[in-house]
Amino acid sequence: MAKGVFITFEGIDGCGKSTQFMRVSEYFKETGRKFIVVREPGGTTVGEKIREILLDKKNDSMTSLAELMLYEAARAQITEEVIKPALEEGTSVLCDRFFDSTSAYQGYARGLGSELTDTLNKIATAGVVPDMTFLLDLDTEVAYKRRNTRGEAEDRLEALGNSFQDKVRAGYLECAKKDDRIKVIDASGTPDEIFEEIKRWLSEIL
Ligand SMILES: Nc1ncnc2c1ncn2[C@@H]1O[C@H](COP(=O)(O)OP(=O)(O)O)[C@@H](O)[C@H]1O
Ligand SMILES: [Mg+2]
């Protein structure tokens with residue numbers, strides 16, 4: 001049976017992930033591909049509960065290690081319950097954030113280290129790796145301004161400020177240096193320009 005492709009979108013808050021994620025899903029629809037869309041953390045009953053805990057600003061006493069474990073718990077659930085079965089039956093999966101987020105946020109920005117996050121990422125995903133990952137790279141100030149125009153309240157991680165987002169951005173770029181799967185996209189352009197670049201990369205695997 002045809003193997004579904006697994007595509008993930010990464011980058012700091014406000015870089016434009018959801019915007020491109022929606023464009024790619026429309027593109028998949030138009031081209032008649034069988035696919036599902038999921039988001040992390042969440043995407044399952046258990047995962048959405050964990051998401052609430054993670055994003056709730058009341059939980060500001062959460063330790064970095066507890067945060068890491070919660071992300072991995074949600075990831076284990078969505079991988080086993082949703083992503084793996086879909087890929088096995090030939091359905092493509094588009095995912096808004098996956099384990100590179102943990103490498104950048106918890107491993108790099110929180111300082112837990114890539115050895116720990118790599119190990120836990122592998123355990124939580126049972127070795128499921130995206131075929132291609134789009135890292136939308138954007139200046140943190142620009143991302144901050146974009147987020148403000150979106151008009152939603154900040155969540156617990158967004159409220160950490162731009163110096164934290166700078167570290168996350170650097171963490172993502174470190175990940176991209178180590179792995180060809182991750183395509184670094186300049187996210188400062190228009191949504192159309194970014195989407196064209198994404199489509200060029202996608203043509204390599206579709
Ligand atoms: N290329 C772009 N140029 C300008 N604004 C953008 C661009 N892409 C997205 N936006 C806007 O920026 C805000 C954040 O985009 P979004 O896709 O929600 O980012 P993310 O999911 O990464 O947090 C939204 O209001 C969106 O409409
Ligand atoms: Mg988003």
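Our summary gives segment 6-202 a relative contact order of 33 percent, counting only alpha carbon pairs under 8 angstrom and 6 or more residues apart. Sorted on the mean count of surrounding Cβ atoms within 10 Å across their residues, most packed first, peptides 41-47, 144-150, 159-165 read 41-47, 159-165, 144-150. Set against the 2.2 N^0.38 Å expectation for a compact globular protein, the chain has a Cα radius of gyration ratio of 0.97. Projecting the Cα atoms of I53, L68, T91 onto the charge dipole of the chain (Cβ charges, centred on the Cα centre) puts T91 farthest toward the positive pole. Here segment 8-44 is scanned for amide nitrogen atoms under 18 Å from the site 7 Å beyond the Cα of R200 along Cα-to-Cβ, giving 20, 24. Across segment 1-123, Cα pairs under 8 Å and at least six residues apart give a relative contact order of 40 percent. Placing unit charges on the Cβ atoms only, positive for Lys and Arg and negative for Asp and Glu, gives segment 6-202 a dipole magnitude near 140 debye about its Cα centre. Within segment 166-206, the trypsin sites (Lys or Arg not before Pro) that combine a DSSP coil assignment with at most 16 other C-beta atoms in a 10 angstrom radius are R181. Counting charges near R150 (Lys, Arg +1; Asp, Glu -1) among other residues having Cβ under 14 Å from its Cβ returns a value of -1. Which one, A187, A124, A159, projects farthest toward the positive side of the charge dipole computed for the chain from Cβ point charges (K/R +1, D/E -1)? Farthest along the dipole direction, towards plus: A124. Classification of segment 115-206 by its C-alpha gyration tensor yields an oblate form. The axis ratio a/c (a ≥ b ≥ c) is 1.5 or more, and b/c is at least a/b. When the helices of the chain are scored as -39500 (n - 2.57) per DSSP H run of n ≥ 4 and the total is divided over every residue, the value at 222 nm lands at -15000 deg cm²/dmol. By the Stokes-Einstein formula, at 1.002 mPa s and 20 °C, segment 85-165 with its Kirkwood radius over alpha-carbon pairs has D equal to 144 µm²/s.
Every number here is computed from the coordinates shown, using simple stated rules; none is lab data. Because the structure is a prediction, the values reported are computed rather than measured. Methodologically, a virtual Cβ is constructed for each residue, glycine included, from the backbone with ideal geometry; neighbour enumeration extends over all protein chains shown.
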